[in-house]
1. Per residue, how much accessible area does the chain show when a 1.4 Å probe rolls over the protein heavy atoms, in square angstrom?
2. How much FRET efficiency would the formula 1/(1 + (r/R0)^6) give for A158 and C38, where r is the Cβ-Cβ distance and R0 is 41 Å, rounded to 0.05?
3. Could you pull out every residue, at least 5 positions away or on a different chain, whose amide H is within less than 5 Å of the one on W126? Hs are placed 1.01 Å off N in the peptide plane, and Pro or chain starts have none.
4. Ignoring any ligand, DNA or RNA, what whole percent of the accessible area of the chain comes from carbon and sulfur when the probe is 1.4 angstrom?
5. So who's got an amide H within less than 5 Å of the one on I95, skipping anything under 5 residues away but keeping other chains? H placed 1.01 Å off N, in plane.
6. Using a 10 angstrom cutoff on alpha carbons, build the Gaussian network for the chain and name the most mobile of G47, G165, G72.
7. For the range 74-170, evaluate the Debye formula with one uniform point scatterer on each Cα (no solvent term) and list log10 I(q)/I(0) at q = 0.21 Å⁻¹, rounded to two decimals.
8. Charges on Cβ only, +1 for Lys and Arg, -1 for Asp and Glu, centred on the Cα centroid of the range 1-146; of H57, L69, L141, which one is farthest towards the dipole's positive end?
Amino acid sequence: LLDVSRSMQTGNPSKFDYVRKLAAALCYVALVRLDSICLQPFAEKLGDPFKLGGGRHRFQPVVNFLTDLKPGKGTSFMKAMREFISEYPQRGVAIIISDFLDDAECEKPIQYLADFGHEVILVQVWSDEDRQPPWEGELDLEDAETGRRVQLAFDDVARAEYTAGFDAYTARLKEVALRCGGRYVGLSTSIPVEEALFGPLVTSGALQ
C-alpha cells in the first residue's frame with residue numbers, strides 16, 4: 001500500500017518520489033522471487049491498483065505504473081484500510097509505505113488490518129524537515145492536505161519539543177506494528193534507497 005496523499009509531496013527530495021523508488025525496489029525483489037505483487041495507491045481512498053507476477057523481465061510495467069502515479073488529496077487511513085479489506089479478502093503480507101500523517105489516528109486502522117489476518121509491515125518515510133524543522137522565527141504554516149493555516153513562533157526550544165513529539169509518534173507506530181505481530185521500519189529520505197533496502201529493511205526483518 002503506497003501513500004500518494006498531498007503530504008507526500010513535501011521534502012527535498014520529496015517523499016512521493018522516494019516512496020515510488022522504494023516500492024519499485026521492493027517489487028523487483030518480489031519479481032525475482034517469482035512472487036505475485038499488488039501495488040495499491042491510497043490517499044483519502046484507494047486508487048487504481050496494479051497487479052503482476054512473474055520474473056524480473058516483467059519489471060518495466062512496474063516502473064511505468066509508478067512513474068504515472070499522481071498525488072492524491074488528503075489521507076484517511078480508516079477509509080482506505082476498510083476498502084482494502086473489502087477489496088482483497090485473501091490474506092497476505094501488507095507493506096504500508098507512508099509518512100503516516102493523518103488528522104485521525106492511524107493505529108486503529110493498522111490494528112484492523114492485522115486483525116483481519118494480514119502480516120503488517122509499516123515503513124514510515126519522513127524528510128529531515130519533518131522531524132527537525134530548520135526554520136526559526138515567526139512562521140505562517142499551511143497544512144499540505146487540508147489547507148488550514150497556523151501561525152507560530154519557532155525557536156530551539158520549540159524545535160526540540162517538536163522533535164520529541166515526532167519521535168514519540170514513531171515509537172507508537174512501532175509499538176502498534178509489534179503488537180500486531182508485524183514489523184516497523186523508519187526511513188529518512190536522506191538515506192539512499194539502496195542503503196534502506198539492504199540496511200534497515202533487512203535488519204528489521206521486513207525484507208528477508
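1. Details: 10770 Å² over 208 residues.
That works out to 52 Å² per residue.
2. On the way: r = 42 Å, r/R0 = 1.02.
Result of the calculation: an efficiency of 0.45.
3. Those lying under 5 Å, H to H, from W126 are L187, S188, T189.
4. Details: 5550 of 10770 Å².
Exposed carbon and sulfur together represent 52 percent of the surface.
5. Counting only residues 5 or more places away or on other chains, the set is I121.
6. Evaluated over the chain, the most mobile residue of the options is G165.
7. -1.11
8. Of the options given, the answer is H57.
The values are calculated or read from the model by the stated rules, or taken from the named source; none is laboratory data. Keep in mind the model is a prediction, meaning the values are calculated, not measured. Quick reminder, even Gly has a Cβ in these numbers, built from the backbone with ideal geometry, and neighbours come from all protein chains shown. We work out accessible area using only protein heavy atoms, side chains counted, and drop any ligands, DNA or RNA first. Shrake-Rupley method; radii C 1.70, N 1.55, O 1.52, S 1.80 Å.
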